[in-house]
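For reference, the structure discussed in these notes is given below.
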Amino acid sequence: MQDYLIEFKGSKTGSTSIILAGTHGDEAGGINALKKMLPEFKIDRGRVLVGFGNPRAIMKKVRFVEANLNRMFKPDKLFTLEQKRTYEYARAQFLKAYFDQADALLDLHCSFVKQSRPFIVCEDNSYDIAKYLPVDLVVTGLDQIQSGGTDYYMNNQGKVGICLECGYLGDNNASQIANEGIYDFLVAMGHIVRKPKIRKQSLVKMYELYITKTANFKLSKPFKDFEKLSAGQTIGTDGGREIKAPKDSIILFARNMNRTGEESFALGEVIPGQPWACEQREAIDEAATRLAQIFVEQIKSEHREK
């Protein structure tokens, strides 16, 4: 498997985007979709860089080799000397050189939680692209509680950073979601000349990431992604101490942990309505297109009369 990113160029000028799969080596959905698409990958406009985030982990079919690559994109001063000696740290520095050339990033992932539904992770600056991707749920706020992801790096530069979670990593349908997501992203960024379709999407705002205090964190039960919690409900125990939901919430990425200082779950809230008014925006876009067509026809009519 190649370490480098493959460059594709359209016949017309346009933006530069990156599509990445395998940032976690055991998340096969995006990896398989990208492998299948590469031989016939074509774009109309701009420049697209395509590749695999963590080739060594992909070859071994593990999440990472020495460290979580998707936490290696935060400021350098926050890393220890031990972390800087890892393969993933070096790989992040290599990938940053590509990220710095790009306007937007789509990073394909899968959840380790069984029966997880597909969803998008992005912040406000990426909504105008995320609204076209083939899922009905958007998760925001993770940058404020969980730094160091690929999308975090792009967001901090004022660019578009989107993580597409394609479902459970053991679900064969994840590759189809990844395939659709790649295509819709290319259309939304103008690399493929098609009219993008706005999706109806709900919004979840994350507000807390729980970091283990001991080497013995155990969930009270297996939690599905986006499972609803009641205020005061026991989530698990950390070294024997009960950990409870502070308010009515949803839970995401919940897992047992046998190490101190590790991420064990995130909590969020469902925000009523849409992150953007999809139907209104679609109506506005259609009206604007129609007005433009009328204007063009008027110009043509006036030209013929002359």
When you scan segment 214-225, do you find a residue that is within 18 Å of the chain's Cα centre (by Cα), within 30 Å of residue 248 (Cα to Cα) and modelled with pLDDT of 95 or more, even just one?
yes
With respect to residue 161, is the statement that it is small (Gly, Ala, Ser), in a strand (DSSP E or B) and farther than 24 Å from residue 48 by Cα true?
no
When you go through 103, 26, 44, 76 one by one, which is the residue that is in the same structural domain as residue 11 (by TED's automatic domain parsing), farther than 24 Å from residue 165 by Cα and touching a residue at least 60 places away in the same chain (Cβ under 8 Å)?
44
From the set of residues in segment 51-85 that are surrounded by fewer than 20 Cβ atoms within 10 Å (Cβ to Cβ) and of a type in the set (A, V, I, L, M), which is farthest from residue 184 (Cα to Cα)?
81
Which ones in segment 124-134 are surrounded by 21 or more Cβ atoms within 10 Å (Cβ to Cβ) and not small (Gly, Ala, Ser)?
129, 131, 133
Looking at (1) among the acidic types (Asp, Glu); (2) in a strand (DSSP E or B); (3) over 22 Å from residue 180 (Cβ atoms), which one does residue 107 not meet, given that it meets all the others?
(3)
Between a first residue in segment 189-207 that is touching a residue at least 60 places away in the same chain (Cβ under 8 Å) and farther than 22 Å from residue 159 by Cα and a second residue that is assigned to a strand (DSSP E or B) and of a type in the set (Ser, Thr, Tyr), which pairs have beta carbons less than 9 Å apart while being 6 or more apart in sequence or on different chains?
207/249
Select from segment 1-50 the residues that are over 22 Å from residue 100 (Cα atoms), of a type in the set (S, T, N, Q) and exposed (fewer than 14 other Cβ atoms within 10 Å of the Cβ) and list them in ascending order.
11
May I ask you to verify whether residue 148 is under 25 Å from residue 262 (Cβ atoms), modelled with pLDDT of 95 or more and in a loop (DSSP other than H, G, I, E, B)?
yes
Is segment 120-127 home to any residue that is of a type outside the set (Phe, Trp, Tyr) and modelled with pLDDT under 95?
yes
Which numbered condition in (1) outside the structural domain of residue 90 (by TED's automatic domain parsing); (2) at pLDDT 95 or above is the only one that residue 1 fails?
(2)
Please count how many residues of segment 79-108 are over 13 Å from residue 154 (Cβ atoms) and either at pLDDT below 95 or of a type in the set (Phe, Trp, Tyr) (or both).
4
Please determine, by comparing only the residues of segment 237-260 that are on the phi > 0 side of the Ramachandran plot and modelled with pLDDT of 95 or more, which one is surrounded by the most Cβ atoms within 10 Å (Cβ to Cβ).
253
Taking the condition of being buried (at least 17 other Cβ atoms within 10 Å of the Cβ), under 23 Å from residue 112 (Cβ atoms) and free of Cβ contacts under 8 Å to residues at least 60 places away in the same chain, how many residues in segment 153-188 meet it?
6
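The values are calculated or read from the model by the stated rules, or taken from the named source; none is laboratory data. These numbers come from a predicted model, not from an experiment. We place every Cβ from the backbone using ideal geometry, glycine too, and count neighbours over all the protein chains shown.
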